[in-house]
Amino acid sequence: MTHHGSRGPGAMVYKAGMAAAESFRQDISPETLKQNAWIPADTDKGRAYWAALQLLRDWTKANHIAIHDHAAQAAGVTAQDRFWNEHNFVFERDGLFYHGKGATPAWGSYANDATGLTLIPLNMSQPILVVRGKDARRGLGFSPHGAGRNFSRSEHKRRLKMTPDQALKAETEGLDIRFHAGAVDASELPSSYKNADAVVAQIKAYDLAEIEDYIDPYGCIMAGDIPPFWQKRKRAR
């Protein structure tokens, strides 16, 4: 399984979108809280923002495919099947727009290329779930995109009672874990996420998705954010 995000371009589009939303808020409903600003979908800016999101989706998917192809080539294997799904994204359904933060669609027709299957990675030491969504009303049609975090990245690092290397050894015994950044990023350790077994139990208890298969981990290559991006940006200035 490979993963590719769109944090850089995504953040730029989001920033532009929030600026547009704020101008609409001030004009239409200044009493509305700033964090609840919105872009009316039937305006030129609303249509432009939605088009920009679709461009980001296409770009992210293209990167997923490229990374997957390179990984398969490096491993000397041929892909027998392939599917993908976005998460932490905006989805349109029946004229409404859903901001799926921490979620992935659990209905089969959310996109033209949807297969009905989605992936839910829990942490680097646990199996990845291959699920078929159940379009549960109690979840607005969504299921989790992963285990989620109990604390922020920085707070988890602050609470860690051992060195990142010690924690990695204790939490991923028997697995080949590597960080592209060259050092262990403690914010990506299994302990930085919610309990995987509890998340699986909740998916079943709330009937959010049917687990069709599991992808067992042999190892994991994480990008890692060492040193954090904001420190790199400060040094560059």
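The values are calculated or read from the model by the stated rules, or taken from the named source; none is laboratory data. These figures come from a predicted structure and were not determined experimentally. Cβ placement follows ideal geometry from the backbone for every residue including glycine, while neighbour counts extend to all protein chains displayed.
Looking at this structure, is Ile221 in contact with a His (Cβ under 7 Å, 6 or more places away or on another chain) and either assigned to a strand (DSSP E or B) or closer than 30 Å to Gly108 by Cα (or both)? Spelling it out, Ile221 is indeed in contact with a His (Cβ under 7 Å, 6 or more places away or on another chain) and either assigned to a strand (DSSP E or B) or closer than 30 Å to Gly108 by Cα (or both).
State whether the residues of region 141-154 include one that is of a type in the set (Lys, Arg) and closer than 21 Å to Met222 by Cβ. Within region 141-154 (the criterion being of a type in the set (Lys, Arg) and closer than 21 Å to Met222 by Cβ), the answer is yes, since at least one residue qualifies.
Kindly evaluate Ala147 against the criterion of being buried (at least 18 other Cβ atoms within 10 Å of the Cβ), of a type in the set (A, V, I, L, M, F, W, C) and assigned to a loop (DSSP other than H, G, I, E, B). Please lay out each step first, then the result.
Details: buried (at least 18 other Cβ atoms within 10 Å of the Cβ): yes; of a type in the set (A, V, I, L, M, F, W, C): yes; assigned to a loop (DSSP other than H, G, I, E, B): yes.
Yes; evaluated as a whole, the condition is true for this residue.
Can you confirm whether region 39-51 contains a residue that is exposed (fewer than 12 other Cβ atoms within 10 Å of the Cβ), part of a helix (DSSP H, G or I) and either on the phi > 0 side of the Ramachandran plot or out of contact with any Phe, Trp or Tyr (no Cβ under 8 Å at 6 or more places or on another chain) (or both)? Looking through region 39-51, at least one residue is exposed (fewer than 12 other Cβ atoms within 10 Å of the Cβ), part of a helix (DSSP H, G or I) and either on the phi > 0 side of the Ramachandran plot or out of contact with any Phe, Trp or Tyr (no Cβ under 8 Å at 6 or more places or on another chain) (or both). Evaluating Thr78 against the criteria (1) in contact (Cβ under 8 Å) with a residue 12 or more places away in the chain; (2) part of a loop (DSSP other than H, G, I, E, B); (3) hydroxyl-bearing (Ser, Thr, Tyr) leaves one unmet condition, (1). Consider Ala19 carefully, then state whether it is among the hydrophobic types (A, V, I, L, M, F, W, C) and under 30 Å from Ile215 (Cα atoms). When the stated conditions are applied, Ala19 does not pass them.
Considering region 215-224, the residues that are surrounded by 13 or more Cβ atoms within 10 Å (Cβ to Cβ) and not aliphatic (A, V, I, L, M) include one that is modelled with the lowest pLDDT, namely Gly224.
Conditions (1) more than 27 Å from Asp213 (Cα to Cα); (2) under 16 Å from the mean Cα position of the chain (by Cα); (3) not β-branched (Val, Ile, Thr), marked per residue:
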residue: Leu55; (1), (2), (3): yes, no, yes
residue: Lys61; (1), (2), (3): no, yes, yes
residue: Phe97; (1), (2), (3): yes, no, yes
residue: Trp107; (1), (2), (3): no, no, yes
residue: Thr115; (1), (2), (3): no, no, no
residue: Leu119; (1), (2), (3): no, yes, yes
residue: Leu122; (1), (2), (3): no, yes, yes
residue: Ala136; (1), (2), (3): no, no, yes
residue: Phe142; (1), (2), (3): no, yes, yes
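Filtering Asp135, Asp165 for residues that are at positive phi, assigned by TED's automatic domain parsing to the domain that holds Tyr206 and touching a residue at least 12 places away in the same chain (Cβ under 8 Å) leaves a single hit, Asp135.
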